[in-house]
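Here is the structure we will look at, set down as structure tokens.
The values are calculated or read from the model by the stated rules, or taken from the named source; none is laboratory data. Because the structure is predicted, anything quoted here is derived from the model rather than measured. All Cβ positions, even for glycine, are placed from backbone atoms using ideal geometry, and neighbour counts span all protein chains on display. Just the protein is used for accessible areas: all its heavy atoms, side chains included, with ligands, DNA and RNA removed. Shrake-Rupley method; radii C 1.70, N 1.55, O 1.52, S 1.80 Å.
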Amino acid sequence: MTDEVLRKPSPDWRTNSRLGAYADWLQQDTARTIEQWDDLWSWSVDDLDGFWTSIWDYFGVRSDTPRGQALVDRRMPGARWFDGARLNYARHLLEDADPERVHDDEPAIIAYSQSRDRIELTFAELRRQVAQARAGLVRLGVERGDRVAAYLPNLPETVVAFLATASLGAIWTSCAPEFGVRSVLDRFGQVEPKVLLVVSGYDYGDKRIDRRQEVAQLRDGLPTVRQVVHVGYGVHQPAPGDEVTSWAELLAGQAEPQYEVVPFDHPLFVLYSSGTTGKPKAIVHGHGGILLEHLKNHSLSWDLGPGDRLLWFSTTAWMMWNALVSALLVRSSIVLLDGNPAYPSLDLQWRLAAETRTTVMGASPPFLMACREAGLQPATTHDLSALKEICPAGSPLPTAGYHWVLREFGEQVLLNVGSGGTDVCSGIVQGSPLQPVVAGEIAGACLGVKALAFDPAGRAVTGELGELVITEPMPSMPVGFWGDDDGTRYAAAYFATYPGIWRHGDWVRFSESGSCVIAGRSDATLNRGGVRLGTAEFYAVVEELPEIDDSLVIHLEDPAGGNGELILYVVTAAGVDLDDPLRAKIVGALRQALSPRHAPDRITQVPAVPRTRTGKKLELPVKQLLQGRPLEAVVTPGSVVDEQALTAYLADANRHNG
């Protein structure tokens, strides 16, 4: 850990941030004085009842019955929150958060696409369309508890359909249309949807993608679907003879907003794990948990509220899409982008941020590093004066990325690096306006999240790598897994290693000050001669070399207890070949930055690094290939961005295994 502070908290954080407004409200309402982050965080995890009740009251959450105590049962798994509450996520988003409707004429959604022209919806128009879509779903027979599935891109119609589903007390689930049929059926088949929303194609940059055949296969593979709703998207139309309800038919006629009031933990939507090595887990999230967690996260960490605009490129298959929509809870506008986010040029997202006066921008670390490598100067070439926060997530951001953001944007823009997951549909560790930015590190655990590092014996450790755990419940922990009626799979997924403690599956190092570094997935941790190292730390060294664009590291353990074999795959920069001098340079950099034990036994050049559709490197599947497992057993078709990227690893595995 570097301890190099790149940005200190603003001295006027109380007057220029929503976290400051919350701290002032706390002092007036509870006489609790907050002067620094540590005081606020400690209270938020030591007094869960007091903290989450304050979130409820501060944001004006409405229940049709007395809400009851915040945390009724704190055991994990099985914690119960606000047992008496009856509410609706969509009602809060469309009605309760702004009962005077003073923001009705403000834009709720600003949508860009490579398939059609820009679309903008005000909050009033969004409310009207949700009411119409809800009435349309009722005509199709959708009732409380039914599932509505969407094979849709990131469109305004997708947001409308999601909120209409939620307003009914029905359950939403979605996949992006770039997913293959097998991957979609593995997901939607578990929840047995009654209605399926689809597009028949989309444009990705200058490519026209036809999905009519995939839609037909989905209809055949989902026998519970009673009706397909087709969303017209640019030139893409349903196949001739298809019996579908059009989007216009779904929204036909006038309708008044209505909302089914449901218990706090009533299912809101189903998300899915990556599914690269088998059927993905169907993770169920509830109305109340997502509502409270996203109100807290979006306002107090991301500093979002009325007048703000959030741009975060995401497909509908990633939990960040759900988080993006939730910015509407705090009356922030959302900017949707569908298509190739780097077309016609890498600076597309910066251009849209300037055009929309984006205030908070989500950005993947690979995107930021690509901008750095390309020599882009977005703050110079675009008017980004409205931008106040950049939020990298999805994978670790190398230290060089921190320095690039600071150099380009200065201290007026907060670099808020975070890490969380589909499992909690939010952040676990990230920053806020009250925390410093330290080069290469995440500021610390989020409010209300008691995140620690555990050693194998279940002891909390600082200054060394350990399992990322959460020792107290969060409202947005899953209601459960779909179809796991007795909870056995849910308990095994998170609580088998440390009974009563959530094990997240990441490898983390916390400093004495509370900042942390996510070092990769714990099942991919390198362990040579008793020295453990996260793969993310390995990549941070290798990918900083100008000759290397990407990399993947695999450790094959020695059953006899030796060091095993450490294999490094590299994608070289354009015009660069892997030769002995470059191998020596890579080894030297790793020896100096990490340890002599982590010098690779073999370095191999490959055309690409395979990734899941949410951008994560396929470390475990490649390792399993090298251990002799067949390709079809380690990777589910359609779950990988580019399945051809696995060809080189399969060939290497065949050579390795003789």
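Details
- All-pairs alpha carbon distance profile, the stretch 1-95, 5 Å steps from 0, percent: 2, 11, 16, 19, 16, 16, 10, 6, 3, 1, 0
- When both bridge partners sit in the chain, DSSP labels roughly 60% of those beta bridges antiparallel.
- Around L368: net Lys/Arg minus Asp/Glu count, Cβ-Cβ under 13 Å: -2
- Of K207/K279; K279/K616; K281/K623; K388/K450, pairs whose Cα-Cα distance is over 23 Å: K207/K279; K388/K450
- Alpha-carbon Debye profile of the stretch 445-516, log10 I(q)/I(0) at 0.19, 0.21, 0.22, 0.28 Å⁻¹: -0.77, -0.90, -0.96, -1.31
- Whole-number accessible area per residue in Å² for the chain, which is evaluated in the context of all protein chains at 1.4 Å: 38
- Value of Rg to Rh for the stretch 123-209 (Rh from inverse mean 1/r over Cα pairs, i.e. Kirkwood): 1.00
- Considering helices alone, the calculated mean residue ellipticity of the chain at 222 nm is -8500 deg cm²/dmol, with DSSP H runs of length four and up weighted by -39500 (n - 2.57) and normalised per residue.
- For the stretch 516-653, projected area of the alpha-carbon convex hull averaged over all directions, nm²: 8.8
- Over the stretch 443-505, Cα pairs under 8 Å with separation of 6+ residues give a relative contact order of 29 percent.
- Relative compactness, the stretch 174-219, computed as alpha-carbon Rg over 2.2 N^0.38 Å: 1.17
- Two-site FRET efficiency, D601 against T462, from Cβ-Cβ distance with R₀ of 45 Å, rounded to 0.05: 0.90
- Accessible surface of the chain [probe 1.4 Å, protein heavy atoms]: carbon and sulfur percent: 47
- For the stretch 236-291: relative contact order, % (alpha-carbon pairs under 8 angstrom, 6 or more apart): 29
- Selection among G50, P11, A70 by position relative to the dipole of the stretch 1-94 gives A70 as farthest towards the positive end (Cβ unit charges, Cα centre).
- Among 541-552, 391-402, 424-435, the peptide with the highest mean count of other Cβ atoms within 10 Å heads the list, and the full ranking is 424-435, 391-402, 541-552.
- Note on T15 and D210: the extension gain reaches 65.1 nm, defined as 0.36 nm multiplied by sequence separation minus the Cα-Cα distance.
- Computed over the stretch 1-54, the Cα gyration tensor eigenvalues convert (square root of 5λ each) into semi-axes of 23, 16, 8 Å, ordered from largest to smallest.
- Pairwise FRET efficiency - D105 versus Q254, Cβ, R0 = 25 Å, nearest 0.05: 0.80
- The Rg/Rh ratio of the stretch 494-558, with Rg taken over Cα atoms and Rh as the Kirkwood radius over Cα pairs, comes to 1.04.
- Over all pairs of different C-alpha atoms, the stretch 396-534 has a mean inverse distance whose reciprocal, the Kirkwood radius, equals 16.1 Å.
- Charge context of P240, other residues only, Cβ under 14 angstrom, K/R +1, D/E -1: -2
- Sequence-distant contacts, meaning Cα pairs under 8 Å at least 6 residues apart, place the relative contact order of the stretch 486-596 at 16 percent.
- Rg and Dmax of the stretch 203-245, Cα atoms only, in Å: 11.6, 36
- Near Q605, the amide H atoms lying under 5 Å from its own belong to V570; only residues 5 or more places off or on other chains count, and H is placed 1.01 Å from N.
- Seen from Y343, the other residues with C-beta closer than 14 Å to its C-beta sum to a net charge of -1, counting Lys and Arg as +1 and Asp and Glu as -1.
- The stretch 184-205 versus the stretch 536-582: alpha-carbon centroid distance in Å: 37
- Along its first, second and third principal axes, ordered by size, the chain spans 71, 67, 55 Å in Cα coordinates.
- Considered as an equivalent ellipsoid built on the Cα gyration tensor, the stretch 324-403 has semi-axes of 20, 15, 13 Å, the largest given first.
- For A519, distant residues with modelled amide H under 5 Å away: W507, V508, R509
- Reducing the stretch 594-631 and the stretch 403-475 to their Cα centroids gives an inter-centroid distance of 26 Å.
- Phi to ³J(HN,Hα) by Karplus 6.51 cos²θ - 1.76 cosθ + 1.60 over the stretch 128-141, Hz, x for Gly, Pro: 5, 5, 5, 4, 5, 5, 4, 4, x, 5, 4, 4, 7, x
- Difference of contour (0.36 nm per residue) and Cα-Cα distance, Q644 to S513: 42.7 nm
- Low-density loop positions, GluC sites (Glu not before Pro), the stretch 52-157 - DSSP coil, at most 14 other Cβ in 10 Å: E100, E143
- The distance linking the stretch 330-347 with the stretch 82-140 is 20 Å (Cα centroid to Cα centroid, whole angstrom).
- Straight Cα distances below 24 angstrom link K585 to the lysines K617, with same-chain residues fewer than 8 positions distant left out.
- Convex hull of Cα atoms in the stretch 396-436, direction-averaged projection (nm²): 3.4
- DSSP beta bridges fully contained in the stretch 545-602 are about 90 percent antiparallel.
- Shown is the FRET efficiency for R351 and L620, computed with R0 = 51 Å from the Cβ-Cβ distance and rounded to the nearest 0.05: 0.85.
- Largest-first ellipsoid semi-axes for the stretch 444-486, taking √(5λ) over the Cα gyration tensor eigenvalues, angstrom: 25, 14, 7
- The stretch 151-256 pair-distance distribution - Cα-Cα, 5 Å bins, rounded %: 2, 11, 24, 26, 21, 11, 4, 1, 0
- Along its principal axes, the stretch 297-452 has C-alpha extents of 41, 31, 27 angstrom, given from the largest down.
- Extended-chain gain in nm, criterion 0.36 nm per residue less alpha-carbon gap, A239 and A31: 68.5 nm
- Bridges between two residues of the stretch 282-435, per DSSP, are antiparallel at a rate of about 20%.
- Two-decimal Rg to Rh for the stretch 538-606 - Kirkwood Rh, Cα set: 0.98
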